[in-house]
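Worksheet: the structure to be examined is printed underneath.
Readers should treat all values here as calculations from the given coordinates under stated rules, not as data from a laboratory. None of the values given here were measured: they were computed from a predicted structure. Counting neighbours? That spans all protein chains shown, and the Cβs are built from the backbone with ideal geometry, glycine included.
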Amino acid sequence: MIDILNDEYYMQLALELARKAQGQTGINPVVGCVVVKDGRIIGVGTHLKRGTGHAEVHALKMAGDEAEGATVYVTLEPCSHHGKTPPCCERIIEAKASRVVVATEDPNPQVAGRGIKRLREAGIDVTVGLLGDKSNAMNEKFNKYITTRLPFVTLKTASTLDGKIASRTGDSRWVTGAAAREQVHTLRHQHEAIMVGIETVLADDPQLTTRAAVDAIDPVRIIVDSKLRLPLAARVVTDRSARTLVLATEGADESKRTDLEQAGVEVIACGAGPHVDLKLAMLKLGELEIGSILLEGGGRLNGAMLAAGLIDKVILYYAAKIIGGSDAPGTFTFDGFAKMADAIQLTDVHVELAGADICVTGYPQYG
Ligand code: AOF
Ligand code: ZN
């Protein structure tokens, strides 16, 4: 009983350490580690950036020789492979820890249970599964990318209760309040890329950067623009504040492509057209090691991504207001389904308030 309490206490701490690094580890997972001996914390560590030390390495370095006989709490199975850094399981064995508590197995096919096996072979007592759901929830983007090489796509919308993202005159400042808008900037920080359609750029000339209350990372900007209509004077081209990728088609104007490339924009052809092949786009973005995308519409791109089954998670903000207007743009513009029974169902639905706005999250299920 006391052991379970102990274990939960320290694993919670390891999870908190991991949570703080969300958004800064790229395609790598967030991982926290706490080393405990005789009722004292002797080392803590977090994986901070891809290519730098893993959580266990930092924590064991802090613990030093005291790690002998200690318990290591780690939110992800210690790795067993030589990646950009050496295997953590060997580091734990070398430190002579006597027990390791792991929240969840590493889905990376290069690890997938081998780290745990190696520790057990070395005579270390290993417990697996404590608060594993919490660790997995934090690493949902990593879990998808490492097993499929496709980016995890989160759709975010901000609409009125009747699903409009602007009025019939195009006015959209602001749909939701300050609290929801602040959350969106945190979401931008937590994704490697942000994706919008060309219509959104033409209408709003957005910066697509992260402007949160605390300093945060700007995502790569992805514009879906089949015919390369992106103006050279658009802020995403001129401001140079983040990398900009344009997804176009093979037939798009060559000289416009050259102009955009000279302005520092990367153009990627995705299929013969007439529209960008979104499935192919996801493959190509995955190859570029973009592991997560925050999709911020507009309605036609949202609808096309949903109809293609490419959205993994939705975060829908609703302002408690009704704007109406049959021509006012909506959150999803696509042909839709004839039968209610065919509607795309969300699972694991959560509803929260963000200031005075309503936030619905869920995971689309594709039949
Ligand atoms: C751990 N602890 O803190 C992390 C792990 O390229 P590398 O060397 O950084 O390896 C990345 C892989 O290592 C990543 O895909 C995942 O399987 C694991 N990440 N493992 O034991 C950590 N960040
Ligand atoms: Zn490792």
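Take the Cα pairs of region 7-142, get the Kirkwood Rh, then feed it into Stokes-Einstein at 20 °C and 1.002 mPa s and tell me D in µm²/s.
Rounded, D is 152 µm²/s.
For the chain, what ratio Rg/Rh do Cα atoms give with a Kirkwood hydrodynamic radius? Before the final figure, lay out each step's value.
On the way: Rg = 22.9 Å, Rh = 22.3 Å.
Value, to two decimals: 1.03.
For region 108-115, in order, what is each residue's ³J(HN,Hα) by Karplus, 6.51 cos²θ - 1.76 cosθ + 1.60 with θ = phi - 60°, in whole Hz (x at glycine and Pro)?
3, x, 6, 10, 6, x, 5, x
Less than 17 Å from a label point 7 Å out along the Cα-to-Cβ axis of Phe337: which backbone N atoms in region 289-319 qualify, by residue?
303-314
At 222 nm, what helix-only mean residue ellipticity would the chain give, in deg cm²/dmol to the nearest 500, using -39500 (n - 2.57) for each DSSP H run of four or more?
So the calculated ellipticity at 222 nm is -8500 deg cm²/dmol.
Which of the GluC sites (Glu not before Pro) across region 52-91 are loop residues per DSSP, with 14 or fewer other Cβ within 10 Å?
In loop regions of region 52-91 (DSSP not H, G, I, E or B), the sparsely surrounded GluC sites (Glu not before Pro) are Glu68.
Does region 286-326 come out rounded, prolate or oblate, given a ≥ b ≥ c as the square roots of the eigenvalues of its C-alpha gyration tensor, rounded meaning a/c under 1.5 and, failing that, prolate meaning a/b above b/c?
Verdict is prolate for region 286-326.
Taking R0 as 56 Å, what FRET efficiency do you get between Ala203 and Glu16 from their Cβ-Cβ distance, rounded to the nearest 0.05?
0.85
Rank Val351, Val201, Val184 by mean-square fluctuation in a GNM of the chain with C-alpha springs under 10 angstrom and give only the top-ranked residue.
Result for the chain, Cα springs under 10 Å: Val351 fluctuates most.
Over the residues of region 151-365, compute the C-alpha Rg and express it relative to 2.2 N^0.38 Å.
In units of the 2.2 N^0.38 Å rule of thumb, it is 1.00.
Per residue of region 202-215, what does 6.51 cos²θ - 1.76 cosθ + 1.60 with θ = phi - 60° give for ³J(HN,Hα)? Whole Hz please, x for Gly and Pro, Karplus curve as stated.
5, 6, 10, 6, x, 8, 6, 10, 9, 10, 8, 4, 9, 4
Taking only Cα atoms and a 10 Å spring cutoff, compute GNM fluctuations for the chain and point out the largest among Pro206, Pro151, Pro78.
Answer for the Gaussian network model of the chain: Pro206.
Roughly how many debye, to the nearest 20, is the charge dipole of region 151-365 about its Cα centre, given +1 on each Lys and Arg Cβ, -1 on each Asp and Glu Cβ, and no other charges?
On the way: 21 positive and 28 negative charges, 69 e Å.
The dipole magnitude comes to about 320 debye.
Each residue of region 348-353 in order: what ³J(HN,Hα) in whole Hz does its phi give by Karplus 6.51 cos²θ - 1.76 cosθ + 1.60, θ = phi - 60°, with x for Gly and Pro?
My calculation for region 348-353 gives 6, 7, 10, 10, 9, 9 Hz in order.
Relative to the present Cα-Cα distance, how much length would full extension add between Ser98 and His275 at 0.36 nm per residue of separation?
Residue separation times 0.36 nm, minus the Cα-Cα distance, leaves 57.9 nm.
Under a crude label model (7 Å from the Cα following the beta-carbon direction), how far is Ala263 from Gln365 in nanometres?
4.5 nm
Length gain on complete extension for the stretch Trp174 to Arg120, per 0.36 nm per residue less the alpha carbon to alpha carbon distance?
So the extension gain works out to 13.8 nm.
Sort out the exposed loop chymotrypsin sites (Phe, Trp or Tyr not before Pro) in the chain (DSSP loop, at most 16 other Cβ within 10 Å) and tell me the longest stretch that has none.
The longest such stretch corresponds to 1-173.
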